[in-house]
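Questions regarding the structure given below will be posed in turn.
The values are calculated or read from the model by the stated rules, or taken from the named source; none is laboratory data. On a predicted model such as this, the values are computed, not experimentally measured, just so you know. With ideal geometry, Cβ positions are generated from the backbone for all residues, glycine too; neighbour counts draw on all protein chains shown. Ligands, DNA and RNA are excluded from the accessible area calculation, which covers all protein heavy atoms including side chains. Shrake-Rupley method; radii C 1.70, N 1.55, O 1.52, S 1.80 Å.
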Amino acid sequence: MKLLKQIFDFYLNSSIHVALSCYALVWVTFHVFHLQYDEPMALFVFFGTIVGYNFVKYDTLVRVKKKPIGNQLKIIAVLSLISLVLVGYYFFHLKRITQIVSVIIFAITALYTLPFFPNRKNARNWAGVKIYIVALCWVGATLVLPYINAEVPFTSNFFIKCIQRFVLVFVLILVFEILDLANDDPHLKTVPQTIGVKRTKVLGLSLLVPFWIVGILSFSFHDLIINLIMVVMLMLFILFANSNRSKYYTSFWVESVPIFWWLMIVFL
């Protein structure tokens, strides 16, 4: 049992789970726009997420705080290095415009982590900015990149789906911020720090209205049912979120929402 827990913790700590969530959202993008599955694109996002998230999570720990590197962190570093090589490999299988946009997304991720400006903290510590940067990066990686790599014309549906994807990620991050309220630096001015937990939950529930409306615009009964399940699922995660929840509440269950969405599309 202890070994299984160690494997499961490694699965979460190495960002494989969140990478699988991004991979699932790429599949959702292929589905909603009726695009053919693009393996290099999907795997570029998967391995890129591992590299990006591990860089964000462990850069401060190692570079700034000088924490000793344990065995698990060494394995994560090896995994991240292998993923970086694979990111480079799949990068050259993408269209030129996709490569340019992916570099921009990487630059935003680096800005989120590293203090590029003198006497300023990284973007992760800019008051009230974190949630928007993360949501935009997720939309860019899981929807914009697959769409432009397919070389299809921009339509109003594309921008509508971008809004829906942004709302989804924004709501999921709200749940994270509620659970992290006790540990977050007060200067971050996260949404729960600014307006309180109760109002944050009301905000999250309110945002599910446009998420639902955007979902039913396709007039597909199949998508209607799936989006209804998604809304109910998100409502429950918001309502039961509190700072006393286990770390697995967000790091596994909340981050599994995109995977559930993908599986519902496949099996329903």
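Note down the net charge around Asn149, summing +1 for each Lys or Arg and -1 for each Asp or Glu among other residues with Cβ under 14 Å from its Cβ.
For residues surrounding Asn149, the net value is -1.
Relative to the compact globular guide of 2.2 N^0.38 Å, what is the alpha carbon radius of gyration of the chain, as a ratio?
This ratio for the chain stands at 1.00.
Quick one: net charge of Ile195's neighbours, Cβ under 13 Å, K/R +1, D/E -1?
That works out to +3.
What percentage of the solvent-accessible surface of the chain, computed with a 1.4 Å probe over protein heavy atoms, is contributed by carbon and sulfur atoms?
71
Which distance in nm do the two modelled labels at His31 and Thr155 give, with both placed 7 Å along the Cα-to-Cβ direction?
1.8
Tally Lys/Arg at +1 and Asp/Glu at -1 over every other residue whose Cβ is under 12 Å from the Cβ of Val28; what's the total?
+1
Helix by helix through the chain, keep the DSSP H runs that span 18 Å or more along the axis on Cα and average at least -1.0 on Kyte-Doolittle, and give those back in order.
Qualifying helices, which must be both long enough and hydrophobic enough, are 16-32, 39-59, 71-91, 96-113, 156-179, 197-216, 221-239.
Heavy-atom accessible area per residue, the chain, 1.4 Å probe: how many Å²?
On a per-residue basis, 53 Å².
Still on this structure: In the range 161-268, which trypsin sites (Lys or Arg not before Pro) fall in coil by DSSP and have 11 or fewer other Cβ atoms within 10 Å?
Lys247
Can you flag which of Lys57/Lys198; Lys95/Lys130; Lys5/Lys247; Lys57/Lys247; Lys57/Lys130 are past 20 Å Cα-Cα?
The answer is Lys57/Lys198; Lys95/Lys130.
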